[in-house]
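First up is the structure itself, then whatever we jot down about it.
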Amino acid sequence: MKTFYRSTLSALILAAPLAAIAQTDYQTDTLPRFDDRWYILPFASYTWADEDRGTEDGFGGGFAVGKPLNERLNLEVRMTYTDLASLDDAGGDFRIGDLGVDGLFFLSRGRFQPFLLAGIGIINDDFECNFSEVNIGNCKSGSGFSFMAEAGAGFVVPITEYASLRVDGRYRYDDNAARLIDDKDFGDWIVTAGVVIPLGSRARPAPVTRTFELSADALFAFDKATLKPTGADRLNTFAGDLNQANFNDIQVAGHTDPIGSEAYNLALSDRRANTVRDHLVGQGIPADKISAQGFGKSQLKVTPADCAGAKSREALIECYQPNRRVEVTVEGMVAK
C-alpha cells in the first residue's frame, strides 16, 4: 500500500490551486450561505492504488447526486470509475467501478465550507490478467462485487448561485470478496475535484422588518453627539452586516433619558440620530434609503418613578441608561 504521507501530500498539491482560483472568483454579495436544493456533481478523480493490486496509479471520474438535509448534513449517492493499468506489464489491469452512499458533515456553510465524509457501498473489480496462460500463480482474469467503505474530508467553495467548486480526499476500503490477485483486501487513496450544480431555483426568504437597538452609551460620551472610536467600530460592523442584505429603507431614531429639558433632549437625540445616519452612509448605505429623527425623552423605557430610589446624580444616570439609545429600523430586509 502506498504510504499515507505520499497520498496526503499529493492530494493537497492537486487541491490547493483549485481552491485559490475559486476563492478569487467568489462574490460574497450574491450568495446566501445555505442552499437546500438537490444537486448533481460531475467530478474527476485520481487514485493512488493499493500496491497489492500491482497497478499504476490512475485518473478516473464519476458522478454524484445529493441533497442538503440541514445546515450540517448532506446525503448523496455517488458513482466512480477508474481504469488502472498493470505495473510494468506484470500481473494485469484493473477496471474499478463503485456505487456508494455518502454522508457529508459540514463544519461551516460560509464562504469556505469544510466537511468530513463517510460512506458505504459496493465495488466491482474487473481484473484482466496480462499472461496468456489460464492461471499463473493467482493471476487469473475475473471480476466480482465486494463491500466498500470510505472516509475522508474536503471543502466546498461557492462561486455563483448555480456552481460551487468541491474538492475532497478519501480512503477507500475494498474487501476483495472475489479474492483477485491474492487473498488481501485493498485500500486506495483517492482525491476528486468537481463542480456542484444545484437543480432549479432556490427559495427566497420573505422580506422582514427588524429593529436594532444600539446603546447610546456605547456610541457616545454622556451628553455628547460625537462618536467615540469604539462607537465608530461598532457602526462599521453594523454597516457591514447591512451591506449583506437588500432592504427598502432605514429609519434611525435617537432617544435620551429624562434628565434636562424637553427641548434640550430633543435636540441632542436628533444630533445623535443624524450622526449615526451620516456614519452609515459613509460606510456604503445609500443616502436616499436612510432617514434620521430624534425623539428626545418622549419614549422612555425607564421612568422617573422607576428610578425614585437613586440617591445621587451618578446613580440616576446609571438607572436611566436603557433610555439612552439609538434604534435602527430596517424595512423590507432580506439577505442578498
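The values are calculated or read from the model by the stated rules, or taken from the named source; none is laboratory data. What you are looking at is a predicted structure, and each value in this text was computed from that prediction instead of being measured. Note that each Cβ is placed from the backbone with ideal geometry, even for glycine, and that neighbours are counted across all protein chains shown. Just so you know, the surface numbers come from the protein's heavy atoms only, side chains and all, with ligands and any DNA or RNA stripped out. Shrake-Rupley method; radii C 1.70, N 1.55, O 1.52, S 1.80 Å.
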Flagged in region 242-251 as farther than 21 Å from residue 217 by Cα and open to solvent by 40 Å² or more (accessible area, probe 1.4 Å), in numbering order, are 243, 244, 246, 248, 249
Among the residues of region 46-60, the number that are open to solvent by 10 Å² or more (accessible area, probe 1.4 Å) and within 30 Å of the chain's Cα centre (by Cα) is 4
Confirm whether residue 126 is open to solvent by 30 Å² or more (accessible area, probe 1.4 Å), free of Cβ contacts under 8 Å to residues at least 24 places away in the same chain and over 21 Å from residue 34 (Cβ atoms). no
Expected output for region 188-217 (first residue closer than 29 Å to residue 163 by Cβ and touching a residue at least 12 places away in the same chain (Cβ under 8 Å), partner assigned to a loop (DSSP other than H, G, I, E, B) and of a type in the set (A, V, I, L, M, F, W, C), Cβ below 8 Å, 6+ apart or cross-chain) is 188/49; 198/38; 199/38; 200/38; 207/247
Exception for residue 170 within (1) open to solvent by less than 30 Å² (accessible area, probe 1.4 Å); (2) closer than 30 Å to residue 325 by Cβ; (3) among the basic types (Lys, Arg) falls at (2)
Just one listed residue, out of 260, 254, 282, is buried (at least 20 other Cβ atoms within 10 Å of the Cβ) and within 20 Å of residue 225 (Cα to Cα), and it is 254
Within region 321-336, the residues that are part of a loop (DSSP other than H, G, I, E, B) and at pLDDT 95 or above are 324
Within region 182-229, the residues that are closer than 30 Å to residue 318 by Cβ, in a strand (DSSP E or B) and open to solvent by 60 Å² or more (accessible area, probe 1.4 Å) are 210, 211, 213
Subset of region 263-279, residues small (Gly, Ala, Ser) and exposed (fewer than 15 other Cβ atoms within 10 Å of the Cβ), comes to 263
Of (1) touching an Asp or Glu at 6+ places or on another chain (Cβ under 8 Å); (2) assigned to a strand (DSSP E or B), residue 52 fails just (2)
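Could you tell me whether residue 254 is assigned to a loop (DSSP other than H, G, I, E, B) and in contact with an Asp or Glu (Cβ under 9 Å, 6 or more places away or on another chain)?
Details: assigned to a loop (DSSP other than H, G, I, E, B): no; in contact with an Asp or Glu (Cβ under 9 Å, 6 or more places away or on another chain): yes.
So residue 254 fails the test.
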Being part of a helix (DSSP H, G or I) and either modelled with pLDDT under 90 or touching a strand residue (DSSP E or B) at 6+ places or on another chain (Cβ under 9 Å) (or both) narrows 47, 24 down to just 24
The condition from (1) closer than 21 Å to residue 234 by Cβ; (2) open to solvent by less than 20 Å² (accessible area, probe 1.4 Å) that residue 307 misses is numbered (1)
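Suppose we filter 183, 233, 188 for residues that are among the acidic types (Asp, Glu), on the phi < 0 side of the Ramachandran plot and touching a Ser or Thr at 6+ places or on another chain (Cβ under 6 Å); which single one remains?
Just one listed residue meets the conditions, 188.
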Scanning region 86-115 for residues that are over 24 Å from the mean Cα position of the chain (by Cα) and among the aliphatic types (A, V, I, L, M), the one least open to solvent (accessible area, probe 1.4 Å) turns out to be 96
Output for Cβ contacts, cut-off 7 Å, separation at least six or different chains, first residue touching a residue at least 12 places away in the same chain (Cβ under 8 Å) and within 13 Å of residue 321 (Cα to Cα) in region 286-303, second open to solvent by 80 Å² or more (accessible area, probe 1.4 Å) and in a helix (DSSP H, G or I), reads 297/262
If we keep only residues of region 67-118 that are in contact with a Gly (Cβ under 6 Å, 6 or more places away or on another chain) and not in a strand (DSSP E or B), then the residue nearest to residue 144 (Cα to Cα) is 91
Those residues of region 231-260 which are among the hydroxyl-bearing types (Ser, Thr, Tyr) and modelled with pLDDT under 95 amount to 237
Among the residues of region 61-85, the number that are open to solvent by 10 Å² or more (accessible area, probe 1.4 Å) and more than 30 Å from residue 36 (Cβ to Cβ) is 2
